[in-house]
Amino acid sequence: MKQADLETLKLSAAEGYIDLKYLDEAGCCLESPVSYTYSRVGEQKQLQQFRTTYGSRISIFGVWHPEESFDYALVQGSFSKERYVKVMNWIAQKAAHTLETTGQLTVIVQDNGSSHTSHLARASWQEWQQQGLYLFFLPPHACEMNEIEGQWHQLKTHEIAGRIFDNEYDLANAMINGMEHRSQQGQYTLERFMFKST
């Protein structure tokens, strides 16, 4: 997808020629910053802190089809290239179904992250295209062009902001509940990819 620009893709999606989706990863920590708070006049704002495991985080991988669907996966730590490919294989299966039922190609907008452009991912590109899944890479430092960024902002500032979690399990549950709440409010479908335990 080098010839087209993002505006052309958006136009093609609006006219029903393609399914245009946005992919990105984000992370949430056990201590999330408050979005706002109150204090008495003349007093410094304070937030009581409890013992937690610093540095722990849950990463979320998402594929956002605006107003239609949100596919996602959660992992402890960060997403490796192997995990990226596993989720993308799942997305490619969905693209194959879309191609078969509607004739539409699926185009995924994403950045040039190392997992997105690894040798392991590149080895799958041709197979994904055969299933009807194509990738559009954003230019460097253009995260504002990725419409999923607004979804991460909403998740972090409205669903888990200002909360302190005892462990990763509680954080992951809060993220899952937040995603479900947002999908109900936005009336779009939500599906989570589950990694098989080895």
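Put a dot 7 Å past each Cα toward the Cβ at residue 67 and residue 7; how far apart are the dots in nm?
2.1 nm
State whether segment 99-151 is rounded, prolate or oblate according to the following rule on the C-alpha gyration tensor (a ≥ b ≥ c being the square roots of its eigenvalues): a/c under 1.5 gives rounded; otherwise a/b larger than b/c gives prolate, and the remaining case gives oblate. Intermediate values should be presented prior to the final figure.
On the way: a/c = 3.03, a/b = 1.29, b/c = 2.34.
Taking the square roots of the gyration eigenvalues as a ≥ b ≥ c, segment 99-151 is oblate.
At a Förster radius of 22 Å, what calculated FRET efficiency corresponds to the Cβ-Cβ distance of residue 187 and residue 142, to the nearest 0.05? It would help to have the intermediate numbers written out before the result.
Working: r = 29 Å, r/R0 = 1.33.
In this case the efficiency is close to 0.15.
Tell me, what ³J(HN,Hα) does each residue in segment 82-91 have, in order and in whole Hz, if you take phi through Karplus 6.51 cos²θ - 1.76 cosθ + 1.60 with θ = phi - 60° and put x for Gly and Pro?
5, 5, 4, 5, 4, 5, 5, 4, 5, 5
Readers should treat all values here as calculations from the given coordinates under stated rules, not as data from a laboratory. Remember, predicted model here, so these are calculated numbers, not experimental data. Quick reminder, even Gly has a Cβ in these numbers, built from the backbone with ideal geometry, and neighbours come from all protein chains shown.
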